[in-house]
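Peer 1: Sending over a structure as C-alpha cells; questions will come in a sec.
The values are calculated or read from the model by the stated rules, or taken from the named source; none is laboratory data. All figures in this text were calculated on a predicted structure; none of them were measured in a lab. Cβ placement follows ideal geometry from the backbone for every residue including glycine, while neighbour counts extend to all protein chains displayed. When the accessible area is computed, the model is the full protein with side chains, heavy atoms only, and any ligands, DNA or RNA have been set aside. Shrake-Rupley method; radii C 1.70, N 1.55, O 1.52, S 1.80 Å.
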Amino acid sequence: MTMKMKMKLKNVFMLYFLVSICGLMYALTQLGQPCDCTLHSRQSSDLVHSRDRTISRLQGELKRLQARGNPEGPPKPALPTIYTVTPTYTRLVQKAELTRLSQTLLHVPSLHWVVVEDSPVKTSLVSELLKRSGLPYTHLCTQTPKDFKLQEGDPNWLKPRGVEQRNLALQWLRENRGPSDEGVVYFADDDNTYSLRLFEEMRFTKRVSVWPVGLVGGVRFERPLVERGKVTGFYTAWKPNRPFPMDMAGFAVSLPLLLANPAARFHLSAQRGNLESSLLQTLVSIEELEPRASNCTKVLVWHTRTEKPKMKQEDALILQGLGSDPSIEV
C-alpha cells in the first residue's frame, strides 16, 4: 500500500476518533443539568443519527481505500522464473541482436536473463547494454578453447558453438539456486526470433517441454510428432536418426531436473548435430517429453540468422584514412 494511501487511512481513523470524543464530551456536560427532556431527547436523537451517518460515511471511505490498495483481491502466487540463457560473442551485429532480444524479454514476466560472453573478460558493450535493459540479469564470460573455435571463413556448422558458455550458465544455476527454487531453463540464442506466447508455453515445464522451430534444418520447420499427447518421433530432414533431432530453440528444461542431475551438460566433443542430444540424453527419454504449442503444431520461434554485413565501402574508406569514427558504438 502506498504512503499516500496510508496517510488517507490515518486521517479517516483520526476523524472517527474525534467524532466519538465529541459525542462523549457532550453527554458528560449534560449530566446533572435540568432539562426539557423532550427537547434533549430530540437533540440526542439527532446527534445519534448524525454520528451514525458520519460513521457510515467513514466506513464507506475506509472500504473504498482498502479496495484501491488491493484492487485484484488476494495476491496471486508467484510465477516460476524462466532462466533464459544466451551465449554471445563480439561481432558487428552483436549489439543489434542483443537489443532486439532484450526488448522481447522485457515483455515476459518473472524472467532472469543469463548472458554469457565468449570472451576472457566481460566487454563494456554487453555490460552497458545489460545495465540499460531493465531486465533482471546475470553477466558471465568464458572463452571457447582455441581448438574448438571457428576460424574466419569457416561455415557455422563446422564446430559446435556456445558450448562452454551454456555450461557456465548451468554451473551458475547450480551454485546459486537450490531445490526449493521453481523455474525453467531455456537456451535462447541472440539471433533467433521469439513469440511472447512461447515463454508462457514453457512456464510450467515439469521435466523437458518441446515445440516446433521454424526455418531450420533446410525445411520450413522441424517439430516433434505427437500422438495422444505423447511424442512418438520427429519431423526433420537432416540426420533424423539423432537421439534427439531437435534445435536448441526447441526445448526447455525444468530447473529442479537440472539441479537433480549435476553431471548433465553439453559436450564439446559432440558430433555435428548432436549437441542438444548430449544434454537431453542424460535428463529424459523421448516418451517423457512434454509437447507444447498445441501438440507441436504451432511455430512460435524461428531460426532467423542475421546476414553478415558487407563492409566493402567501409574498408575502402579506411584505406583512404576516412573510416567511420571508431568511438561510436554500433
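Peer 1: Any residue that is open to solvent by less than 80 Å² (accessible area, probe 1.4 Å) and under 24 Å from Val93 (Cβ atoms) - is there at least one of those in the range 255-262?
Peer 2: no
Peer 1: Considering only the range 203-212, I want to know if a residue exists there that is under 18 Å from the mean Cα position of the chain (by Cα), closer than 29 Å to Lys308 by Cβ and either in contact (Cβ under 8 Å) with a residue 24 or more places away in the chain or not in a loop (DSSP other than H, G, I, E, B) (or both).
Peer 2: Among the residues of the range 203-212, not one is under 18 Å from the mean Cα position of the chain (by Cα), closer than 29 Å to Lys308 by Cβ and either in contact (Cβ under 8 Å) with a residue 24 or more places away in the chain or not in a loop (DSSP other than H, G, I, E, B) (or both), which makes the answer no.
Peer 1: Only one of (1) open to solvent by 40 Å² or more (accessible area, probe 1.4 Å); (2) touching a Pro at 6+ places or on another chain (Cβ under 8 Å); (3) farther than 19 Å from Leu215 by Cβ is not met by Val299, so which one is it?
Peer 2: Only one criterion in (1) open to solvent by 40 Å² or more (accessible area, probe 1.4 Å); (2) touching a Pro at 6+ places or on another chain (Cβ under 8 Å); (3) farther than 19 Å from Leu215 by Cβ is unmet by Val299, namely (3).
Peer 1: Okay, moving on. Can you tell me which residue in the range 169-200 is nearest to the chain's Cα centre (by Cα), limited to those that are surrounded by 19 or more Cβ atoms within 10 Å (Cβ to Cβ) and part of a helix (DSSP H, G or I)?
Peer 2: Within the range 169-200, the match that is nearest to the chain's Cα centre (by Cα) is Phe199.
Peer 1: Residues in the range 242-259: is at least one among the small types (Gly, Ala, Ser) and free of Cβ contacts under 8 Å to residues at least 40 places away in the same chain?
Peer 2: no
Peer 1: Within the range 293-316, track down each residue that is at pLDDT below 90, hydrophobic (A, V, I, L, M, F, W, C) and either in a loop (DSSP other than H, G, I, E, B) or under 34 Å from the mean Cα position of the chain (by Cα) (or both).
Peer 2: Met311
Peer 1: Given the condition open to solvent by less than 30 Å² (accessible area, probe 1.4 Å) and modelled with pLDDT of 95 or more, answer yes or no: does some residue in the range 71-82 qualify?
Peer 2: Yes; the residues of the range 71-82 include at least one that is open to solvent by less than 30 Å² (accessible area, probe 1.4 Å) and modelled with pLDDT of 95 or more.
Peer 1: Taking the options Val231, Val226, name whichever one is assigned to a strand (DSSP E or B), among the β-branched types (Val, Ile, Thr) and either in contact with a Gly (Cβ under 7 Å, 6 or more places away or on another chain) or open to solvent by 20 Å² or more (accessible area, probe 1.4 Å) (or both).
Peer 2: Only one candidate passes the filter, namely Val226.
Peer 1: Tell me, yes or no, whether the range 140-153 has at least one residue that is in contact (Cβ under 8 Å) with a residue 12 or more places away in the chain, among the small types (Gly, Ala, Ser) and open to solvent by 20 Å² or more (accessible area, probe 1.4 Å).
Peer 2: No: zero hits.
Peer 1: Only residues in the range 223-239 that are under 13 Å from Glu288 (Cβ atoms) count as the first member; pair them with residues that are modelled with pLDDT of 95 or more and in a loop (DSSP other than H, G, I, E, B), Cβ under 7 angstrom, at least 6 apart or cross-chain, and list the lot.
Peer 2: Pro224/Leu289; Val231/Leu289
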